[in-house]
Amino acid sequence: MNSLIAKAALAALAAAALAFPSQLRAQAEPQQEFVTLGTGGVTGVYYPVGGVICNLVGKSRRAKEHNIRCTVESTGASVFNVNAIRSGDLSLGIVQSDVLYYAYQGTEQFAQAGADPDLRVLFSLQSEAFTLVARDDAGIQSFDDLQGKRMNLGDPGSGNRNTLELLMKEYGWASSVFKLATDLKPAEMAGALCDNKIDAFVYVVGHPNGSIQEASNTCASHIVPVTGPKVDSFVAKYPFYPPAVIKGGTYKGTTRDVQTFGPRAILVTSAKLPDDVAYHITKAVFTNFDEFVSLHPALSSLTPANMVEASATPFHPGALRYFKEAGIAAPAAPGAAAAGAAAAPAEPAAPAEPAAK
């Protein structure tokens, strides 16, 4: 009997000894957090840039700084991403600055859904140019020349298409001004252009871009300047579309710098994202900054300062915590409002002076 009791006691001790290290590990390791980052089409810039961000989050997780697992999802881009963040289907998303403004304010295509005061910014990314690509034989040398041509308007619901339609509104155009208006996705545009199914397409994107490289390398095409009085008026009305330049020589067929305009890409989340998660994602990028900007050409012009420029949408308090800790100048109001209670939607920005071309 005594031997049975002794054996039972030894077994209990052994079980406790085996369990103890796992209990210690469970106490030592932070709880896993899973975040999904919505991007855009696989041939665009959002998808690889999202991959760079998640890779750096993974790098800092392996260094035991946190236990956040970040995955990238190819999506319909800006409009899809802000809607998915609002519904909780995405944790993060890369969004054009114009689309973010409308979603936060509840205007334009978000008028029916209303303002989303829970949207928050982590940091800004690359500048994006409104890029008009045309076949050389289509006779298109300006935006005005698109009338009567076969034009791809873009994927419905994308920030790309939204920007084009706003500019068309400035010109007083409906889709009926085109001989043909198509709804092709970014991955389909270059093929359609070079198969002579369309004469031109617009892509609001960072450069260099795979789809535009495909078009320029496959068929005789060029990038068209988007300038003139109506464009000046458009930029004045929508100051989140600053002037932009596509460097000559970036693509075959376009040797000179091309003047246009374009928004910024911004990494967006919700106020519901835990502060520690927002902090560690921001820290993972900024503490590996040189590696970050070297991993894609579209990121090469970024600096820590221009990644924290003031936004009409508040910054997430977790991001602000890192900026303060790192000594990076905090964004101006209303971004600072994110450190407290949820901020009300900001008043629309005053129109800027017409941009010089």
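Coordinate-derived values only; no laboratory data. The structure presented is a predicted model; accordingly, all values stated were derived computationally and were not measured. Ideal geometry is used to build each Cβ from the backbone, glycine not excepted, and the neighbour counts take in all protein chains shown.
What does the charge count near Pro331 come to, summing +1 for each Lys or Arg and -1 for each Asp or Glu among other residues with Cβ under 12 Å from its Cβ? Numbers along the way, then the final one.
Details: positive: Arg120, Lys324; negative: Glu309.
Neighbourhood net charge equals +1.
What does the charge dipole of region 48-166 about its Cα centre add up to, to the nearest 20 debye, if the Cβ of each Lys and Arg holds +1 and the Cβ of each Asp and Glu holds -1?
On the way: 11 positive and 14 negative charges, 150 e Å.
That gives a dipole near 720 debye.
Suppose we keep just the DSSP beta bridges with both residues in region 129-261; what percent of those would be antiparallel, to 5? Write down the numbers at each step before the final one.
Details: 15 of 20 bridges.
Taking every DSSP beta bridge with both residues in region 129-261, the antiparallel ones total about 75 percent.
Would you mind checking Lys169/Lys283; Lys247/Lys272; Lys59/Lys247; Lys64/Lys185; Lys185/Lys230 for any pair whose Cα atoms are more than 29 angstrom apart?
Numbers: Lys169/Lys283 41 Å; Lys247/Lys272 40 Å; Lys59/Lys247 33 Å; Lys64/Lys185 40 Å; Lys185/Lys230 27 Å.
Exceeds cut-off: Lys169/Lys283; Lys247/Lys272; Lys59/Lys247; Lys64/Lys185.
Determine the sum of side-chain charges near Lys230: Lys and Arg each +1, Asp and Glu each -1, restricted to other residues whose C-beta is under 9 angstrom from that of Lys230.
Working: positive: none; negative: Asp144, Glu170, Asp232.
Summing Lys/Arg as +1 and Asp/Glu as -1 gives -3.
Straight-line reach from Lys237: which aspartates and glutamates have Cα under 19 Å away, leaving out those fewer than 8 places along the same chain?
Lys237 reaches Asp98, Glu108, Glu128, Glu165, Glu170, Glu347, Glu353.
Sorting Val224, Val35, Val99 on the 10 Å Cβ count, fewest up front, what's the list? It would help to have the intermediate numbers written out before the result.
Numbers: Val224 22, Val35 19, Val99 29.
By the 10 Å Cβ count, ascending, the order reads Val35, Val224, Val99.
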